[in-house]
Amino acid sequence: MKRILAAAALALIALNAAALEKVTLAIPTTVGSQYSDLLFGKELGFFAEEGIDLQLAGFTGGTAVVVPQLANKSVLFGLGESSLLIANVARKTPMPVRFVYNYLASTVYDYAVRTDSPIKSIADLKGKKVGVVSMGAGNIMMTRAQLKEQGLSVPADVTLVPVGSGPAAWKQLQDGKVDALNLWASEDAKMVLSGMQIRRIAHSDQLRPIFSSAMLAHVDTIRDKPQLVAGMGRAMAKSSVACAAAPDKCARAFWRFDPTAKPTADKEAEWVKGTVAVLDANYAAITYALKRNPNWGAFDPAVIDTYVKVLEHGGTIPPGAGVTANDVLTNQFVPDFNKFDPLVVRRKAG
C-alpha cells in the first residue's frame, strides 16, 4: 500500500510539473547569488502557484543583449535598465518591448572613496579619476549627468577609468590608481566585507529614483498573456518579501541553482554573510521606492521624464525627442502584482 501511495504521489508531482509553463527570465549578466531572492521564491513555490516553471538565463552584455532576445521572442521576460528603450524611441526605432515590473526600483550605483579621502561630495571629484565597470555600462549617462549637475564634465574635469568589478577593481581604489569607484551598492557591501575601509557618496535626490533593473516583456506577451505577466510580477514581489524575511535561507537557495558555489563547511558562514550583505544592498533599492509608493512593481512615470533629460544632457538622444513614460513602460499590472498577503509569505519563508 505504501509503495502504491508513494507512486501516486510521484505521479501527481510529475503531473503538476508538466502543467507548468517553462518561462525564461533573461538576466543582463551572469546569474550570481544576487538573484537568490528569485531562486528562493521558486523553491517556496511562488512561481509554480502562477503556473510558471521559472528558468534564469544569464546574458553578459547588459540590457543591450537582453532586449533583442525579447524583441525576437527567444525569451518571454528579461531584466534591464531603461536607457536603451528611451534612445530607440528617440531615434524613431522603438523596440516592441515594455517594462512591466519595477524590480530594483532606484539606482544602485553610487560613489565609493577611501575613508581617508579628501573627497566629501560629487563636486570634489574635479580633477580626479573615477573607476567604472566599463565605458559601455548602463549607468555612464547618469554618471555624466550627476557630474554635470556640479558643473563638471568628462573628460575635461573628471576622468572615467574602466576597472571592471570585484577585487581587482577594489585594489585600484585601495592603491590610489583611481580616486573613487562608481560601481553599485552590492559591490560596496563586498568591499566592506573584504576589510576595506570605504565611505559612500550617494546620488542626488533627483537621480536616485531612476530604476536600475526592471522586468521587460514583448508587447505581444502583454496583450496575449496578461495573466502570465501578472503572475510573474506577483511571484517576484513575494520572492522579495520572503528573502527579506529569511535572508540566510534565501542566500542558501543559490546553492541549489549552482552547487559548485557552495563553499566548504568552514567557509559557509562567511559566504552566507557576504551574500546576505549583497541581497540587503539590493533590497535597499526596493524599499526606497516602496516608501514613495507602497505598491510592489509600480513605476513613477516622472522618473522617465527625468532620465530623458539626463540622456538629452549627455548627448545620447537629441533634445526635444518627445519620449514619454508610455513609450517604455506600463503600470497596468500593478493591482495584480499586489494581490497577496505579505504576512502569509513571511510565514512560508519561515
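The values are calculated or read from the model by the stated rules, or taken from the named source; none is laboratory data. Remember, predicted model here, so these are calculated numbers, not experimental data. As a convention, Cβ positions derive from the backbone with ideal geometry for all residues, glycine included, and neighbour counts pool all protein chains shown. For the accessible areas, the whole protein counts, side chains as well, though only heavy atoms, and no ligand, DNA or RNA atoms are used. Shrake-Rupley method; radii C 1.70, N 1.55, O 1.52, S 1.80 Å.
R0 = 51 Å: FRET efficiency of Asp280 with Lys126, Cβ-based, nearest 0.05?
Working: r = 32 Å, r/R0 = 0.64.
The value I calculate is 0.95.
Positive end of the dipole of the chain, charges at C-beta (+1 Lys, Arg; -1 Asp, Glu), about the Cα centre: which of Pro263, Leu173, Ile119 has its Cα farthest in that direction? Of the listed residues, the answer is Pro263.
Give, in nm to one decimal, the length gained when the segment between Val344 and Thr306 is fully stretched (0.36 nm per residue of separation minus the Cα-Cα distance).
Here the answer is 10.0 nm.
Evaluating 6.51 cos²θ - 1.76 cosθ + 1.60 at θ = phi - 60° for every residue in the range 65-81, the Karplus couplings come out as 8, 5, 4, x, 4, 6, 4, 8, 6, 6, 9, 8, 9, x, 10, x, 10 Hz, glycine and proline recorded as x. Distance between the 7 Å Cα→Cβ label points at Leu290 and Asp53: 3.1 nm. Among residues other than Arg252 with Cβ under 11 Å from its Cβ, the summed charge is 0 (Lys and Arg +1, Asp and Glu -1).
With a 1.4 Å probe and all protein chains left in place, how much of the accessible area of the range 108-160 comes from carbon and sulfur atoms, in whole percent? So the carbon and sulfur contribution to the accessible surface is 50 percent.
Where only DSSP H runs of four or more residues are counted, the chain gives -13500 deg cm²/dmol as its mean residue ellipticity at 222 nm, each run worth -39500 (n - 2.57).
Given the Cα-Cα distance of Ser74 and Asp116 and 0.36 nm per residue of separation, how much length would full extension add, in nm?
Details: separation 42, 0.36 × 42 = 15.12 nm, distance 4.90 nm.
This chain segment gains 10.2 nm when fully extended.
Spin-label model, Arg200/Lys273: points 7 Å from Cα along the beta carbon direction are separated by 1.9 nm. Taking a ≥ b ≥ c as the square roots of the eigenvalues of the Cα gyration tensor of the chain, is the shape rounded (a/c under 1.5), prolate (a/b larger than b/c) or oblate? Note, shape of the chain comes out oblate.
Summed over the residues of the chain and divided among them, the accessible surface reaches 46 Å² per residue at a probe radius of 1.4 Å.
Amide H to amide H distances under 5 Å link Val108 with Ser212, where only residues 5 or more positions off or on other chains count and H is placed in the peptide plane. Computed about the Cα centre, the dipole magnitude for the chain is approximately 360 debye when only Lys and Arg (+1) and Asp and Glu (-1) carry charge, each at its Cβ. Backbone N atoms of the range 191-211 closer than 18 Å to the 7 Å Cα→Cβ label point of Thr30 belong to residues 191.
Of all DSSP beta bridges confined to the chain, the antiparallel ones make up roughly 50%.
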